[in-house]
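Report on the structure given below.
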Amino acid sequence: MILGGTVEARDLAARLAAKGADAVTSLAGRATRPAYPGKVRVGGFGGAAGLRDYLATEGVAVVVDATHPFAAVMSPNAAVVCAELGVEYLRLERPEWRPAVGDDWRDAASLEEAAEMLPLASRAFLAVGAQSLPPFLRRTDAALIVRSIVRPDGGEHPNITMVEAKGPFTVEGERALFQAHRVEVIVAKNAGGRAADAKLVAARELGLPVIMVRRPAGQPAADAATPEAIMVRLQPHL
Ligand code: NAP
């Protein structure tokens, strides 16, 4: 079973489908999605106990955790439950973004810290996802430009401008967006990968600071950074 929700999970699902492997991708089901390769199941398991039941009932031999690096509940749950059941657990996690020459990144340990770090009365572009908005709502002095796949709770707040969009994004598009909204600072989660890195290039080009939120502590260690490398690890099962 692949725990999905990332570009890498979809890529891995396609590779396994091409091999005729008996694989299923599990999705949380909060975002709309285009057709997925192979079998799919949707929705939470009902915590660790529900996941344990599912893995045992379905006779799952190996779990590839390809959730987003910020999925701080699902990943630790999966690692613990797999260890209890003796099911092989592999974590597919793409590398973090690193600052390049010309970047002005400010490190934040959490979304709460990032919200506190916004300069007073600034115009901030939040590329953090709908679920991560609440800590920023306290910053009533700031103008928040929020991009999200779905309209978040609190999205009707008076100091929020919503931009509903789904990546991948282009550098030109990001630059135009930042200029149109007179953005002064960007807040991003250190997700890594190519689908969302255009905003970082645009920020560098425009000389805008980026408050970069660190990945959550306590995530299981990565076993591989790419679907190709996971396929090698899965070879004994294929
Ligand atoms: P989370 O906080 O770790 O998960 C919250 C709950 O959602 C989990 O306890 C679990 O419910 C359910 N869940 C999460 N991933 C699931 C999966 N692949 N299959 C079935 N249930 C799942 O994670 P999250 O931040 O809400 O992320 C949810 C999904 O969105 C993940 O698949 C992740 O890859 C994707 N995603 C997250 C982000 C982000 O910034 N966090 C960004 C892009 C995509 P139960 O406890 O009931 O099993």
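Side notes on the structure shown:
- Extreme residue, surrounded by the most Cβ atoms within 10 Å (Cβ to Cβ), among residues of segment 122-140 that are part of a loop (DSSP other than H, G, I, E, B) and in contact (Cβ under 8 Å) with a residue 40 or more places away in the chain: V128
- Hits in segment 66-109 (condition: part of a loop (DSSP other than H, G, I, E, B) and within 11 Å of the ligand (Cβ to nearest atom)): A66, T67, H68, P69, F70, A71, A72, V73, E93
- Looking only at residues of segment 1-15 that are within 10 Å of the ligand (Cβ to nearest atom) and not in a loop (DSSP other than H, G, I, E, B), we find that the one that is surrounded by the most Cβ atoms within 10 Å (Cβ to Cβ) is I2.
- Any hit, segment 47-65, residues being in a loop (DSSP other than H, G, I, E, B) and near the ligand (Cβ under 8 Å from one of its atoms): no
- Residues of segment 1-50 classified as closer than 19 Å to A61 by Cα and not aliphatic (A, V, I, L, M), total: 12
- Test for G207: is it at pLDDT below 90 and on the phi > 0 side of the Ramachandran plot: no
- Take the conditions (1) more than 26 Å from R15 (Cα to Cα); (2) touching a helix residue (DSSP H, G or I) at 6+ places or on another chain (Cβ under 6 Å); P220 misses just one of them, which is (1).
- Any pair with Cβ under 6 angstrom, 6 or more apart, that starts in segment 221-238 at a residue that is farther than 20 Å from D22 by Cβ and ends at one that is among the aliphatic types (A, V, I, L, M) and at pLDDT 95 or above: D223/L90; A224/L92; A224/I230
- Set R182, R233, R151, R214: member being surrounded by fewer than 17 Cβ atoms within 10 Å (Cβ to Cβ), closer than 18 Å to E116 by Cα, touching a strand residue (DSSP E or B) at 6+ places or on another chain (Cβ under 7 Å) and not aliphatic (A, V, I, L, M): R214
- Count of residues meeting criterion [crowded, with 17+ Cβ neighbours inside 10 Å and either among the polar types (S, T, N, Q) or touching an Asp or Glu at 6+ places or on another chain (Cβ under 8 Å) (or both)] in segment 154-171: 0
- Tally of residues being touching a residue at least 40 places away in the same chain (Cβ under 8 Å) and under 17 Å from Q131 (Cβ atoms) across segment 28-69: 7
- The set of residues in segment 178-193 being out of contact with any helix residue (DSSP H, G or I) (no Cβ under 8 Å at 6 or more places or on another chain) and either part of a helix (DSSP H, G or I) or within 16 Å of the ligand (Cβ to nearest atom) (or both) consists of A180, N190, A191, G192.
- Looking only at segment 50-64, and only at residues there that are hydrophobic (A, V, I, L, M, F, W, C) and closer than 11 Å to A78 by Cβ, the one that is surrounded by the most Cβ atoms within 10 Å (Cβ to Cβ): V64
- Annotation: A78 fulfils all but one of (1) in contact (Cβ under 8 Å) with a residue 40 or more places away in the chain; (2) closer than 25 Å to V213 by Cβ; (3) out of contact with any helix residue (DSSP H, G or I) (no Cβ under 8 Å at 6 or more places or on another chain); the unmet one is (3).
- Segment 16-42, residues that are charged (D, E, K, R) and either within 19 Å of R194 (Cα to Cα) or near the ligand (Cβ under 8 Å from one of its atoms) (or both): R30, R33, R41
- Residues that are among the small types (G, A, S), at negative phi and in a helix (DSSP H, G or I) are absent from segment 220-227.
The values are calculated or read from the model by the stated rules, or taken from the named source; none is laboratory data. All values derive from a computational prediction rather than experimental measurement. Using ideal geometry, Cβ is built from the backbone for each residue, glycine included, and neighbour counts are taken over all protein chains shown.
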